[in-house]
Amino acid sequence: KLEFGCYLDAALTSLLLRQNDSVGLVTFDTGIRQYLPPQAHPSQFRRVLEALDGAASEGDTDVGKTLHEVAERIRRRGMVIILSDLLDDPEHIAAGLQHFRHNRHEVLVFHILDDAELPFPYQRLTRFQDMEGTGRVVVNPQSLRQQYLDRMQRFIETIQASCFEKKISYHLARTSQPPAAVLAEILD
């Protein structure tokens with residue numbers, strides 16, 4: 001998901017800079033890790049790529065809290081594009097997104113999910129590892145498939161509804177899609 005998000009971000013950065021729009025970048029986990037202030041200069045593309053190259057997906061995240069932190073840093077109104085799996089408390093995410101809307105930003109959310117997270121295709125006894133922690137568990141996926149699918153569907157619907165309510169553009173981006181296809185969907 002991180003690699004997919006980096007490709008999508010690079011494509012968006014290129015597209016926006018070609019339109020002479022300012023582009024910035026924030027990477028985060030439980031707080032802001034990197035912050036590049038928005039610039040419209042062509043050299044910003046290289047700075048964004050360097051920051052993305054150093055991005056790592058380790059440990060816990062706090063999406064909601066970080067959205068608030070970023071909203072406080074951005075002084076000029078503009079478009080905020082969020083690329084994340086949003087795996088956090090939906091109420092905290094909604095509050096963070098509302099902070100951007102309260103500050104009169106346009107917001108575009110790319111909800112990045114791996115294809116295996118959606119149909120949960122596992123058949124045999126499988127060991128799952130928490131990518132944001134240290135937990136591991138061996139389970140029979142067939143025994144929890146329906147419960148998992150129901151919870152994932154409710155989670156996605158909650159995020160979508162929250163975005164719709166706040167007039168935020170929401171796009172589910174599957175890692176099996178080429179980033180160009182994801183962008184084509186929003187540009188049509």
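The values are calculated or read from the model by the stated rules, or taken from the named source; none is laboratory data. None of the values given here were measured: they were computed from a predicted structure. Cβ atoms come from the backbone with ideal geometry, glycine included; neighbour counts cover every protein chain shown. The protein model used for the area step is the full one, side chains on, heavy atoms only, and it has no ligands, DNA or RNA in it. Shrake-Rupley method; radii C 1.70, N 1.55, O 1.52, S 1.80 Å.
Residues Phe120, Phe155, Phe100: which one is surrounded by 12 or more Cβ atoms within 10 Å (Cβ to Cβ), in a loop (DSSP other than H, G, I, E, B) and not polar (S, T, N, Q)?
Phe120
Only residues in segment 154-176 that are polar (S, T, N, Q) count as the first member; pair them with residues that are open to solvent by less than 60 Å² (accessible area, probe 1.4 Å) and part of a helix (DSSP H, G or I), Cβ under 6 angstrom, at least 6 apart or cross-chain, and list the lot.
Between residues of segment 154-176 that are polar (S, T, N, Q) and residues that are open to solvent by less than 60 Å² (accessible area, probe 1.4 Å) and part of a helix (DSSP H, G or I), the close pairs are Thr158/Pro90; Ser162/Ala94; Thr175/Phe4; Ser176/Asp115.
So for segment 35-57 (the condition being under 22 Å from Glu157 (Cβ atoms), of a type outside the set (Val, Ile, Thr), touching a helix residue (DSSP H, G or I) at 6+ places or on another chain (Cβ under 7 Å) and surrounded by fewer than 16 Cβ atoms within 10 Å (Cβ to Cβ)), does at least one residue qualify?
no
Restricting the search to segment 28-46, which residues are in a strand (DSSP E or B) and among the polar types (S, T, N, Q)?
Gln34, Gln39 - these are the residues of segment 28-46 that are in a strand (DSSP E or B) and among the polar types (S, T, N, Q).
Does segment 34-54 contain at least one residue that is closer than 23 Å to His102 by Cβ and among the polar types (S, T, N, Q)?
Looking for residues that are closer than 23 Å to His102 by Cβ and among the polar types (S, T, N, Q), one finds none in segment 34-54, hence no.
On the given criteria, is Arg76 in contact with a Ser or Thr (Cβ under 9 Å, 6 or more places away or on another chain), basic (Lys, Arg), closer than 22 Å to Asp21 by Cα and open to solvent by 70 Å² or more (accessible area, probe 1.4 Å)?
Spelling it out, Arg76 is indeed in contact with a Ser or Thr (Cβ under 9 Å, 6 or more places away or on another chain), basic (Lys, Arg), closer than 22 Å to Asp21 by Cα and open to solvent by 70 Å² or more (accessible area, probe 1.4 Å).
Residue under question is Phe128, and the condition is that it be in contact with a helix residue (DSSP H, G or I) (Cβ under 9 Å, 6 or more places away or on another chain), surrounded by 10 or more Cβ atoms within 10 Å (Cβ to Cβ) and either under 22 Å from Tyr170 (Cβ atoms) or at pLDDT 90 or above (or both); does it hold?
No; evaluated as a whole, the condition is false for this residue.
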